[in-house]
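One structure is given below, encoded as structure tokens.
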Amino acid sequence: MLIPLIKGTKEIIIGYEESYLKCPSCEVDTLHEIHIISKYFHVYGIPFCPTGKEAHTVCNKCGLRRYNIPLEKNFFPNYDNLKSRYKHPWYTYAIMTFGILIILLPIYFEILRAPDK
């Protein structure tokens, strides 16, 4: 009996910010609500590794909602601040960290066990 591989991407909100951005509907710089999203790859619902950051924005003047905007310097004037403030959660590296430990720990213990020459 084969067990199906359940994999895919998920996203989680890692931060909230308000900033002035140019709204394509209003065509003026207005205050926007910005939700910073961390996207990650998962296997059986367990996070494997982050794949990127995106933003969802809402114009406070007209209510225009934009989703899945890449977190890039050409769109956000405060890009450097956003990038440094909002990091991927530690648990999005869960399986990758566990896999590296499984590989490195036996090597480490073998080195400790080896007789000095």
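Only one residue of L82, A114, P70 has its Cα farthest out toward the positive end of the dipole of the chain, where Lys and Arg carry +1 and Asp and Glu -1 on Cβ, and that residue is A114.
Each residue of segment 30-43 is assigned a 3J(HN,Hα), and the resulting list reads 10, 6, 10, 7, 10, 9, 8, 10, 9, 9, 9, 8, 10, 10 Hz, derived from the Karplus form 6.51 cos²θ - 1.76 cosθ + 1.60 (θ = phi - 60°), x at Gly and Pro. Among F48, F41, a tally of other beta-carbon atoms within 10 Å of each Cβ gives an order, fewest to most, of F41, F48.
Between K39 and N60, what is the label-to-label distance in nm when each label sits 7 Å out along the Cα-to-Cβ direction? It works out to 2.8 nm between the two label points.
For segment 7-113, the share of alpha carbon pairs falling in successive 5 Å distance bins from zero is 2, 12, 18, 16, 13, 11, 8, 7, 4, 3, 2, 2, 1, 0 percent. Each of L112 and T51 was given a label point 7 Å from its Cα along the Cα-to-Cβ line. The distance between the two points is 3.8 nm. Remark on S19: its backbone amide H falls under 5 Å from those of H32, I34, a criterion applied only to residues 5 or more positions apart or on other chains, H modelled at 1.01 Å from N.
Net charge within 15 Å of Y44 by Cβ-Cβ distance, Lys/Arg positive one each and Asp/Glu negative one each, not counting Y44 itself? Counting the neighbours of Y44, the net charge comes to +2. Ranked by how many other Cβ atoms sit within 10 Å of their own Cβ, fewest first, the residues S25, S38, S84 fall in the order S84, S25, S38. Give the relative contact order (percent, whole number) for the chain; include only Cα pairs under 8 Å separated by 6+ residues. After rounding, I find 21 percent. Charge dipole (Cα centre; +1 on Lys/Arg Cβ, -1 on Asp/Glu Cβ; no other charges) of the chain amounts to roughly 220 debye.
The numbers here are math on the coordinates, done by the rules we state, and not lab data. Note that the structure is a prediction, hence the values are computed from the model and not measured. Note that we place each Cβ from the backbone using ideal geometry, even for glycine, and neighbour counts take in every protein chain shown.
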